[in-house]
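Coordinate-derived values only; no laboratory data. In this text the structure is predicted, and so the values were computed from the model without any measurement. When we count neighbours, we look across all protein chains shown, and the Cβ atoms used for this are built from the backbone with ideal geometry, even at glycine.
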Amino acid sequence: MAIIGGGITQMQTRYLQRQQRLLLALKEKGVTNLLVFNYENIFYLTGYSGNAAYLIVSTHGLCLITDYRYFERAKSESNGCEVISRDRDSESLGACIKRLLPNEKTGFESNSVNYSVWLSIANELASYDVSPLDGCIEKLRMVKDEFEVASVKKAAAIADLAIADLLTQISKGVTELDLATELDYKMKKLGSDGVSFDTILLFAERSALPHGKPGGRKLKYGDLLLVDFGAVVNGYRSDMTRTYVYGEPNNQQQAMFQAVLASQNKSLESLKAGADCQQLNQNSLDVLDQAGFLEFAGKGLGHGVGLALHEMPFINTNTDYRLETGNIITIEPGVYIPNIGGIRIEDDVLINDDGIEILTHAPKSFAIN
């Protein structure tokens, strides 16, 4: 790690603190080392944003393994670790890891490594005490620091501006793909690193596809228009959904919209540190049930968002977790009726000591002309 001016920068301190928190978490589990394969986790711990990287976390120090293609980049971006350039022609990944890994109790991210890659590594580490250990870093990532919060806020602000511009371009005959392309371009023009995920922008009955792909469908009067998208700043993502009707809504469309909006409002009113994720999910479903749309409700109320689009905590029937200050989550109830259409309304929300802060601010008006 480079030392600038004889001291450690604020950025370097941030990564060192994350590494120390992980080492403490590993100690509590009786593990000395962790082999990290997940891209977002490596970025979170070191700041390295490239590919072809494998990280050894140990009380003896951290080693980032890459190759000649990324070596200089890794040295310039990484914090708090030694960067190793492996010669892929003369040394296997497993042999390199064995050379650098202390022979102590070791965990590895089994959910983030290719099976055949792991077999080759495991063969080299046959005499080591190695076992799967997933979720340690993801749990640390659930609570965002000031830098992470600021990054998501900026990404959300870009998304707000981009959709405001998009609404000026909606007209009869425009295609889903036309609008999705314009939205992606606008976010990048506004300073987004890229798109948070492949933009979902669907018309009419296709809006009932929760994660459908934009195509050549042309917009007609009376069509639903669902748009789910996000921007990226410093690697951190936003995630927002708005649903509109082009023209005047019919009675069914209006009933769907009002039910989803009421469900989201109920959820937002209940958000705070200490709120139970399972109960939040049930409260949302209760509103949709009372409105007669329970059988068409989406599964799960929301999820954490940050370096990954979908990360812990998840707000659903299976998550035994109470929200904490520093969580950034989505609240996104939805109703999807095949051959009719879908309505989803989604916002990014920061849990703080005083309650919540909604980070996405695009208006939730329904009818557009």
Cβ-derived FRET efficiency at R0 22 Å, Y68 paired with R99, nearest 0.05: 0.80
Cα-based reach from K189 at 16 Å (exclusive), listing lysines while leaving out same-chain residues under 8 positions away: K154
Restricting the range 22-127 to trypsin sites (Lys or Arg not before Pro) in coil, as DSSP defines it, with at most 15 other Cβ within 10 Å: K29, R69, R88
Mean-square fluctuation maximum in Gaussian network of the chain, Cα pairs under 10 Å, restricted to S270, S90, S78, hits S90
Which residue fluctuates most in the GNM of the chain (Cα springs below 10 Å): L280, L16, L301? L16
Connecting every pair of Cα atoms under 10 Å apart in the chain and solving the GNM, the largest mean-square fluctuation among A259, A275, A53 falls on A275
Cα to Cα, under 18 Å, and not fewer than 8 places away if on the same chain: which aspartates and glutamates meet these conditions relative to K75? E40, D67, D87
For the range 22-30, Karplus-derived ³J(HN,Hα) couplings (6.51, -1.76, 1.60; θ = phi - 60°; whole Hz; x for glycine and proline) come out as 5, 4, 5, 5, 5, 4, 5, 8, x
Could you go through the range 114-129 in sequence order and give the Karplus-derived ³J(HN,Hα) for each residue, using 6.51 cos²θ - 1.76 cosθ + 1.60 with θ = phi - 60°, rounded to whole Hz, and x for Gly and Pro? 4, 4, 5, 5, 5, 4, 5, 5, 4, 4, 6, 9, 4, 8, 8, 8
Here, trypsin sites (Lys or Arg not before Pro) of the range 255-323 satisfying both criteria (DSSP loop; at most 14 other Cβ within 10 Å) are K299
Write down the percent of antiparallel bridges among all DSSP beta bridges whose residues are both part of the range 10-140, to the nearest 5. 40
Using Cα pairs under 8 angstrom and six or more residues apart, how large is the relative contact order of the chain, in percent? 14
With the Cα gyration tensor of the chain in hand, convert its eigenvalues to equivalent ellipsoid semi-axes via √(5λ) and list them largest first in whole Å. 42, 22, 19
Evaluate 2.2 N^0.38 Å with N set to the residue count of the range 10-140, then give the Cα radius of gyration divided by it. 0.97
Where both residues lie in the chain, what percent of DSSP beta bridges are antiparallel, nearest 5? 75
Filter on K144/K218; K29/K299; K144/K266 - keep pairs with C-alpha separation over 29 Å: K144/K218; K29/K299
Hz values of 3J(HN,Hα) by residue in the range 199-204 - Karplus curve (6.51, -1.76, 1.60), Gly and Pro given as x: 4, 9, 9, 9, 10, 6
In degrees rounded to 10, the 0-90 angle between helix 146-167 Cα long axis and the longest Cα principal axis of the chain is 30
Any idea which of T199, Y221, Y185 is furthest toward the positive side of the dipole for the range 146-368, if Lys and Arg beta-carbons carry +1 and Asp and Glu beta-carbons -1? Y221
Restrict the search to the range 132-240; then list the trypsin sites (Lys or Arg not before Pro) that DSSP places in a loop and that have at most 14 other Cβ atoms within 10 Å of their Cβ. K172, K220
Filtered hits (aspartates and glutamates, Cα-Cα < 13 Å from K172, offset >= 8 within chain) -> D223
